[in-house]
Amino acid sequence: MLGIILALVAGAGLRLIWPADIEYKADEAWTFEHSREADFPWLGMPSSVDIPNPGMSLWVFVGLQRLSGAEDPPALARAVQCINIAALILLVGFAFWHVPRSEREPWLWAAALVAVNPLAVLFHRKIWPPCVLPLLTLLMLYGWWYRPRRVPAFLWGLVGVCLGQIHMAGFFFAGGFVLWALLFDRPPHPTLSPKGGEGRVRGRQRVAWPSWLLGSVLGALPMLPWLIGLLAHPSGRSINPHRWVHACELKFWIRWFTESFGLGIDYTFGPYFREFQAYPLLGGRPTYLVLLLHWLLGGFALFLIARALRSLWRERNRWRERWIGRTSSSAFTQNAALWGFGLLLTLSSFSIHRHYMIVLFPLEFLWIARLALASGDTPAWSLRLGRVLLLCLWVAQFLLSANMLSYIHTRQNFSGAEYGIPYGAQCAAR
């Protein structure tokens, strides 16, 4: 309990510190300005393909602005940061109240890792539609966890459609879980009792599909004006005939692997990343701690994957069962995202950007924790080694996140890079 509380405090501090240093470019400025509108518009921010997003992508910020009374961008960003801190706390609650004791530890490690992961910290501080997804993702996972029951299945359908209306990746995420349930969720896969114990449901019905369908239909109703608008004013931009190439890039799994280990900050710093690797500075001289942390994280990643491949080879006769995730409810949930969501998003041939992964909260990190801990039947020394590895990963990612925020606060100008010029620096320049 002390460890998880310290992890949550660290995660909250990383999200709340230096509020004026938030990323603030055209998308964030558009969202902030329109969050103060008097009504809830049916159409949201225009997308890069000349198609407006559904109105719900803006409604969440209109609601946050009214609840928080935010008068400037840092105040609205603070509301986003707070709901993501709430998502971390509720994730720990979900692990204690709903996950069986035998599967609980990986979920707690997942909460600790996502609390300090550099890219999670970066995205949980922004005024941007994908950045409000974690709390809703957790609600959908709750509905999915108890999907044989009518009310949770209704919640799964309702929230899944809402995720897609806030950001397109949500449709593929919810669809991946539907696909996984249709294909593989059948006896003898166990279900869960309300108190987290395992049990079975009478008959062969594994999902309360009528309730899920009702929730999905109700969740889709706010989309109707958006769909009508698309039919009336279709985009004039032609479809790229070579878009299929994106399906061959396998970016989803590459980013699942690298981002969960804390790698990928070069995306936001661009040409400044080499300078960042020399941080922190002591007496004006580089220490290259950030570079060392990247090497350590890469080493941990390779070691864990090698360890997992060896374990997979030893149990090759159970490969199909492990691939589906029938070994546990946690594995089944994780694999619905890893393969269901991953395959749908990849086969769509969209260019998969890093912010598409935000909706995975916290399943990338659950995967890492389950890799490290292997299972409850491993020898005691192997389990201890897994815990040591996870603790080292947590410390390295915390140090990397802290240095990232310190570097942003010190430099204050990333012109030409993804981060741009922080809001506070823009105000100072004006």
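As for the stretch 400-414, it holds at least one residue that is in contact with a Gly (Cβ under 7 Å, 6 or more places away or on another chain), open to solvent by less than 10 Å² (accessible area, probe 1.4 Å) and not aromatic (F, W, Y).
If the condition is being open to solvent by 10 Å² or more (accessible area, probe 1.4 Å) and farther than 20 Å from Y423 by Cβ, then the stretch 121-144 contributes L135, L136, L138, L139, Y142. All conditions in (1) open to solvent by 80 Å² or more (accessible area, probe 1.4 Å); (2) touching a Phe, Trp or Tyr at 6+ places or on another chain (Cβ under 6 Å); (3) of a type in the set (D, E, K, R) hold for D266, with the sole exception of (1). The residues of the stretch 23-65 that are of a type in the set (V, I, T), farther than 16 Å from P130 by Cβ and in contact with a Phe, Trp or Tyr (Cβ under 8 Å, 6 or more places away or on another chain) amount to a single one, V62.
Only one of F61, F32, F40 is more than 23 Å from A120 (Cβ to Cβ) and touching a helix residue (DSSP H, G or I) at 6+ places or on another chain (Cβ under 6 Å); which? Explain how you work it out, then say what you get.
Details: F61 fails: more than 23 Å from A120 (Cβ to Cβ); F32 fails: more than 23 Å from A120 (Cβ to Cβ).
Going through F61, F32, F40 in turn, just one is more than 23 Å from A120 (Cβ to Cβ) and touching a helix residue (DSSP H, G or I) at 6+ places or on another chain (Cβ under 6 Å): F40.
Of the residues in the stretch 321-334, at least one is in a helix (DSSP H, G or I), farther than 30 Å from M168 by Cβ and over 21 Å from the mean Cα position of the chain (by Cα).
Scanning the stretch 145-163 for residues that are within 17 Å of A336 (Cα to Cα) and surrounded by fewer than 22 Cβ atoms within 10 Å (Cβ to Cβ) returns W145, Y146, P148. Going by the structure shown, is S328 surrounded by fewer than 21 Cβ atoms within 10 Å (Cβ to Cβ), farther than 19 Å from R186 by Cα and of a type in the set (G, A, S)? Judged against the criteria, S328 is not a match. Among the residues making up the stretch 353-364, those that are open to solvent by 10 Å² or more (accessible area, probe 1.4 Å) and assigned to a helix (DSSP H, G or I) are R354, H355, Y356, I358, E364.
Within the stretch 268-311, the residues that satisfy the criterion of being without any contact (Cβ under 8 Å) to a residue 24 or more places away in the chain and either among the aromatic types (F, W, Y) or in a loop (DSSP other than H, G, I, E, B) (or both) are F273, A278, G283, G284, T287, Y288, W295.
Only one entry in F341, F350 is surrounded by 16 or more Cβ atoms within 10 Å (Cβ to Cβ), touching a His at 6+ places or on another chain (Cβ under 8 Å), among the hydrophobic types (A, V, I, L, M, F, W, C) and over 25 Å from F398 (Cα atoms), namely F350.
The values are calculated or read from the model by the stated rules, or taken from the named source; none is laboratory data. As the structure is a prediction and not an experimental result, all values here were calculated from the model. Every residue, glycine as well, gets a Cβ built from its backbone with ideal geometry; the counts of neighbours run over all protein chains shown. We work out accessible area using only protein heavy atoms, side chains counted, and drop any ligands, DNA or RNA first. Shrake-Rupley method; radii C 1.70, N 1.55, O 1.52, S 1.80 Å.
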